[in-house]
Amino acid sequence: MRLAHLLRSHLKLQAHRVVSVRRRHGGVLEARVKRIGQRRLKCGQCGRKAAVRNQMRERRWQDLRVLTHPLVIVYAPSRVTCPRCGVRVERLPWATPWARVTRPLGRLVALLARKLCWKDVAEHFGLNWKTVVGVVRWAVEEGLKRRKLKPVKILGVDEVSRRKGHRYLSVFYDLKRRVLLWVGEDRTEATTHAFFDWLGWRRARGLRAVCLDMWAPYANVIRERARKAVLVFDRFHLVKHLNEAVDEVRRAMVRELSGEARAEMKGTRYLWLKNPWNLKVAERPRLAALLRQNLPIVKAYLLKEAFRDFWSHRVREEAQRFLRHWFWMATHSRLQPLRNFAWRVRRHEDGLLAWIDLRISNGAVEGMNNKIKAVAKRAYGFRTTEHFKLAIYHCCADLPLPS
């Protein structure tokens, strides 16, 4: 089979043909394509057959290599007059509008861009970095159009840091199917409203539970836009706030100590924050010795460990009685960070008790956040939010690649 015939099948040519394939300087293969006779061409916007108006200047598209030789497609596209769209550029079967690469090469670039940073992909194929960005944008747009979303029953909401200075992206996740749904800039009420506008009122009405941290802008909008959904406050974030309160007690105590007492407390941060079964063998006797002392951090540690029993309850009423008793102990501990945490628990008691009934958490969302951070790290960050969101959708949303 001649190379011209192979390229015709490879590029899915019908109204065009390959007239010549020549080797140019540097070993580049140049395949010239022309229109067959007076065949009608298709509109580049709607795909309908249209009358040819005039021919434009030649353009070049990079294609997959032939063995070790780069391949370039050369063609002068035509303007067509579409009865619906007016004057447009013809639809090319081998490339998308404004693309610098063919569809087969674009699919390969998009596949590799899920595994490597875009700069490495550009260097591998000999492309400009902006060309790779355009290919990823095309892949994401086509993937979002082609993916089929099923009804969302359990929604997970969280934020991921975009850059320093408290710049965040909001991530919305289908917890039941573990699928990334939507990514928005910032973590405000406007961002959450934008998600529900995208989701639509029918799917919002079908939500049964939403798992989130205790960030008020998320909760306020969800109560307004998904009134049938039960708010469940995430266990991971609650434990994180409790550990921060314990560590704040430790830091305040260390500032007041001096001499040997302060030296004894040095390097004990994770002794107080670790789970008891995660302690190393050498750490256990040191923690036991510290617990025998009458220190504020000891009281905070015991309250932290006592709160662990909340997660073992199976009956909502028993869990509520436990929370009320723990609230009394924490508010009478004379430890301001623990008092603040206890009042936070009291304000969000309904969302915590909902965990007893549903037992859902944002563990899958936290795993997705770690994947998002890995995507940002391998690229050493992204200059714009748009590029970061493209990378998140492309690597984390499990979108189908364009055909």
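The values are calculated or read from the model by the stated rules, or taken from the named source; none is laboratory data. The shown structure was predicted, so the numbers you read here are calculated from the model rather than taken from an experiment. In this analysis, Cβ positions are derived from the backbone assuming ideal geometry, glycine residues included, and neighbour counts consider all displayed protein chains.
Here's the yes/no breakdown for (1) free of Cβ contacts under 8 Å to residues at least 24 places away in the same chain; (2) buried (at least 16 other Cβ atoms within 10 Å of the Cβ); (3) not assigned by TED's automatic domain parsing to the domain that holds Phe172:
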site	(1), (2), (3)
Ala113	no, yes, yes
Lys119	no, no, yes
Ala122	yes, yes, yes
Gly126	no, no, yes
Val136	no, yes, yes
Glu142	no, yes, yes
Lys148	yes, no, yes
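Filter the stretch 44-57 for residues that are farther than 18 Å from Arg103 by Cβ and either in a strand (DSSP E or B) or within 40 Å of the chain's Cα centre (by Cα) (or both) and give the result. Reasoning before the result, please.
So in the stretch 44-57, the residues farther than 18 Å from Arg103 by Cβ come out as 46, 48-57.
Correct list: Cys46, Arg48, Lys49, Ala50, Ala51, Val52, Arg53, Asn54, Gln55.
In the stretch 212-241, how many residues are part of a strand (DSSP E or B) and in contact with a Leu (Cβ under 6 Å, 6 or more places away or on another chain)?
Total satisfying the criteria: 2.
Of Ala364, Ala306, Ala391, which residue is within 24 Å of Tyr270 (Cα to Cα) and either of a type outside the set (A, V, I, L, M) or in a helix (DSSP H, G or I) (or both)?
The unique qualifying residue is Ala306.
Taking the condition under 30 Å from the mean Cα position of the chain (by Cα), at pLDDT 90 or above and in a helix (DSSP H, G or I), does Leu353 pass?
Yes; evaluated as a whole, the condition is true for this residue.
Looking only at the stretch 259-274, count every residue that is crowded, with 16+ Cβ neighbours inside 10 Å and under 12 Å from Leu290 (Cβ atoms) and tell me the total. If you could, list the steps in order and put the result at the bottom.
Filtering the stretch 259-274 down to residues crowded, with 16+ Cβ neighbours inside 10 Å leaves 265, 268, 271-273.
Keeping just the survivors that are under 12 Å from Leu290 (Cβ atoms) gives 265, 268, 271-272.
Within the stretch 259-274, residues that are crowded, with 16+ Cβ neighbours inside 10 Å and under 12 Å from Leu290 (Cβ atoms) number 4.
Taking the stretch 292-310 on its own, how many of its residues are out of contact with any Ser or Thr (no Cβ under 9 Å at 6 or more places or on another chain) and surrounded by 14 or more Cβ atoms within 10 Å (Cβ to Cβ)?
Restricting attention to the stretch 292-310, the residues satisfying the condition of being out of contact with any Ser or Thr (no Cβ under 9 Å at 6 or more places or on another chain) are 292-295, 298, 301-302, 304-310.
Restricting the remaining residues to those that are surrounded by 14 or more Cβ atoms within 10 Å (Cβ to Cβ) gives 295, 298, 301, 304, 306-307, 310.
Count: 7.
Hand me the list of strands (runs of 3 or more DSSP E) wholly inside the stretch 146-204 holding 3 or more residues that are modelled with pLDDT under 90 and of a type in the set (Ser, Thr, Tyr). Quick ask: steps written out before the conclusion?
Details: elements: 154-163, 167-174, 179-185.
Qualifying strands (runs of 3 or more DSSP E): none found.
Could you look through the stretch 382-403, keep only residues that are in contact with a Phe, Trp or Tyr (Cβ under 8 Å, 6 or more places away or on another chain) and at pLDDT below 90, and pick out the one that is nearest to Glu142 (Cα to Cα)?
So the residue we want is Pro402.
Under 8 Å between Cβ atoms, at least 6 apart or on separate chains: pull out the pairs that start in the stretch 315-343 with a residue that is without any contact (Cβ under 8 Å) to a residue 12 or more places away in the chain and end on any residue that is in a helix (DSSP H, G or I).
Matching pairs, first to second residue: Arg339/Ala330; Arg339/Thr331.
Answer yes or no: is there a residue in the stretch 93-101 that is assigned by TED's automatic domain parsing to the domain that holds Arg23, out of contact with any Pro (no Cβ under 6 Å at 6 or more places or on another chain) and not in a loop (DSSP other than H, G, I, E, B).
no
When the residues of the stretch 8-29 are filtered to those that are touching a residue at least 60 places away in the same chain (Cβ under 8 Å) and of a type outside the set (D, E, K, R), which remaining residue is surrounded by the most Cβ atoms within 10 Å (Cβ to Cβ)?
My answer is Leu11.
Name the one entry in Leu105, Leu71, Leu111, Leu155 that is of a type in the set (A, V, I, L, M) and closer than 30 Å to Ile222 by Cα.
After ruling out the rest, the residue left standing is Leu155.
Quick check on Arg334: is it within 30 Å of Leu181 (Cβ to Cβ) and either in a loop (DSSP other than H, G, I, E, B) or in contact with a Pro (Cβ under 6 Å, 6 or more places away or on another chain) (or both)?
Values: within 30 Å of Leu181 (Cβ to Cβ): no; either in a loop (DSSP other than H, G, I, E, B) or in contact with a Pro (Cβ under 6 Å, 6 or more places away or on another chain) (or both): yes.
Answer is no for this residue.
Among the residues of the stretch 216-258, write down those that are surrounded by fewer than 18 Cβ atoms within 10 Å (Cβ to Cβ), among the acidic types (Asp, Glu) and under 29 Å from the mean Cα position of the chain (by Cα).
Glu224, Glu244
Which pairs do you get when a residue that is more than 20 Å from Ser403 (Cβ to Cβ), found in the stretch 70-96, comes within reach of a residue that is aromatic (Phe, Trp, Tyr), reach meaning Cβ atoms under 9 angstrom, with the pair 6+ apart or on two chains?
Val72/Trp61; Val74/Trp61; Tyr75/Trp61; Tyr75/Trp94
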